[in-house]
Amino acid sequence: MYLKGIALFVAIYGHGALAALPDSCEEGEGSACDKCTSLNSEFEPAGVGEVWYSYCCTDSETTTDTPPITTTKKYCYSYSLVGFPNNQYSGNKPSCDNTFSAIAWSLHGQCSTTSATNPYTKLAAAPNGCPGEWNSSTNYEVGDTVDDDGVVYRCSGAAQFCSLYGPDLRGVGAAYWIPTNSCEGTASPTAAPDFGSVQAGCPEEFDSSTTYEANDSVSITRDDGTSIIYRCKGFPESQWCSVDTYSPLSTEELCNGGPCWPRAWIKQGACTGTFTPTATPTFDSNNIGGCPEAYDDSADYEAGDKVSITPSGEDYGKIYECKSWPHSGHCGKEAYSPANTEKGCNGEVCWPDAWTYIGGC
């Protein structure tokens with residue numbers, strides 16, 4: 001009679017206990033439970049472009065009955081890796097005791113090791129197969145695509161960083177490459193890159209022995225015969241333009257795992273041929289006057305100053321006037337001297353950037 005009374009009391013009022021443990025997918029109590037990925041290890045499903053992690057632990061509840069009743073259940077959880085920059089903390093794995101894993105891992109929910117439904121969705125297949133894999137020697141543009149283990153990634157950030165960092169769900173590359181499709185096989189041959197309008201005339205080829213300044217342009221001829229123009233960035237990046245490591249020709253991965261040139265140079269587009277040579281200044285020998293002072297590369301010239309140059313073997317001099325600011329800042333530089341015939345500026349002599357030819361004297 002006494003035992004029946006206790007049983008009736010428990011049936012009516014319940015145990016003197018904590019709140020009941022929630023349903024467990026692993027115990028077969030939940031509904032619509034997803035499948036756990038490989039337990040206790042990172043898992044990158046083919047064609048998904050995500051990193052997953054699953055683990056299991058147990059939870060117990062003990063009632064205050066006499067005698068106490070203990071209930072134990074097993075719970076499993078699945079997580080996906082978040083994006084940049086917190087993805088770099090992927091080593092801080094979720095676990096039963098780790099409350100800091102949320103920095104890099106996002107809880108998807110409970111999972112079951114016996115379920116058949118994956119928690120992830122495979123990306124739509126690319127219609128033309130897989131593009132080429134990322135290559136540190138390739139200069140990528142926004143919109144370019146590469147393949148990484150059956151996933152197509154599209155360059156969606158600054159193009160120079162796509163050339164520095166390859167697709168990496170666990171690293172910096174996740175900030176610039178976005179997974180778009182799954183792929184199999186090899187894509188059909190890609191048409192030659194479209195650089196838009198092709199400039200008529202290429203600047204001189206890059207020369208490691210030349211000292212380059214901000215806005216100087218050079219050209220590089222690729223293996224396919226296409227010539228590409230690069231422009232030296234402004235200060236302070238321009239100080240690297242004359243350093244071999246930052247040459248547009250260098251493919252050494254010395255800057256954060258990639259080539260260094262994007263830090264110093266900007267890719268401008270394609271070009272063909274060479275610049276038309278600048279015509280030699282001419283003047284009417286019957287209508288000349290006296291000559292101003294001869295050009296002196298040690299003098300400080302200002303806008304409006306006039307100088308003369310008398311070429312060797314000629315009877316008449318030539319007058320040049322220093323241009324207005326900011327061009328006047330070059331008038332005292334030897335490279336921009338009217339007497340300098342070296343073609344150091346885009347394949348041409350430099351003096352027209354600083355001086356205006358006036359006439360003979």
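The values are calculated or read from the model by the stated rules, or taken from the named source; none is laboratory data. This is a predicted model, so every value here is computed, not measured. In this analysis, Cβ positions are derived from the backbone assuming ideal geometry, glycine residues included, and neighbour counts consider all displayed protein chains. Keep in mind that these areas ignore ligands, DNA and RNA; they rest on the heavy atoms of the full protein, side chains included. Shrake-Rupley method; radii C 1.70, N 1.55, O 1.52, S 1.80 Å.
For the range 89-161, which whole percent of the accessible surface, found with a 1.4 angstrom probe, sits on carbon and sulfur atoms? Please list the in-between numbers first.
Details: 1950 of 4010 Å².
C and S atoms contribute 49 percent here.
For the range 54-174, with every protein chain kept in place, what is the accessible area per residue (1.4 Å probe, Å²)?
On the way: 6200 Å² over 121 residues.
It amounts to 51 Å² per residue over the range 54-174.
With θ set to phi - 60°, apply the Karplus curve 6.51 cos²θ - 1.76 cosθ + 1.60 along the range 58-67 and write out the HN-Hα couplings as whole Hz, x wherever there is a Gly or Pro.
The phi angles translate into 10, 9, 10, 9, 10, 7, 9, 5, 10, x Hz.
Please go through the residue pairs Lys233/Lys343; Lys74/Lys122; Lys323/Lys343; Lys267/Lys318; Lys233/Lys333 and name each one whose alpha carbons sit more than 31 Å apart in this structure. Walk me through the numbers on the way to the answer.
On the way: Lys233/Lys343 20 Å; Lys74/Lys122 29 Å; Lys323/Lys343 20 Å; Lys267/Lys318 38 Å; Lys233/Lys333 21 Å.
Table pairs above 31 Å Cα-Cα are Lys267/Lys318.
Using a simple spin-label model with points 7 Å from Cα along the Cα→Cβ vector, what separation in nm is obtained for Glu293 and Glu205?
The two pseudo-label positions are separated by 4.3 nm.
Return the distance in nm (one decimal) between the two label points of a simple spin-label model at Glu42 and Thr245, each offset 7 Å from Cα along Cα→Cβ.
For the pair Glu42/Thr245, the computed spacing is 2.8 nm.
Do any chymotrypsin sites (Phe, Trp or Tyr not before Pro) in the range 288-361 lie in a DSSP loop with no more than 16 other beta carbon atoms within 10 Å, and if so, which? Write down the numbers at each step before the final one.
Values: sites: Tyr295, Tyr301, Tyr316, Tyr320, Tyr336, Trp355, Tyr357; in loops: Tyr295, Tyr301, Tyr316.
Within the range 288-361, the qualifying chymotrypsin sites (Phe, Trp or Tyr not before Pro) (loop, at most 16 other Cβ atoms within 10 Å) are Tyr316.
Would you mind computing, in nm to one decimal, how far apart the modelled labels at Thr221 and Ala303 are, each placed 7 Å from Cα along Cα→Cβ?
4.2 nm
At most 13 other Cβ atoms within 10 Å and a DSSP loop assignment: could you name the GluC sites (Glu not before Pro) in the range 291-346 that fit?
Details: sites: Glu293, Glu302, Glu314, Glu321, Glu334, Glu342; in loops: Glu293, Glu302, Glu314, Glu342.
Passing both the DSSP loop test and the Cβ count: Glu293, Glu302, Glu314, Glu342.
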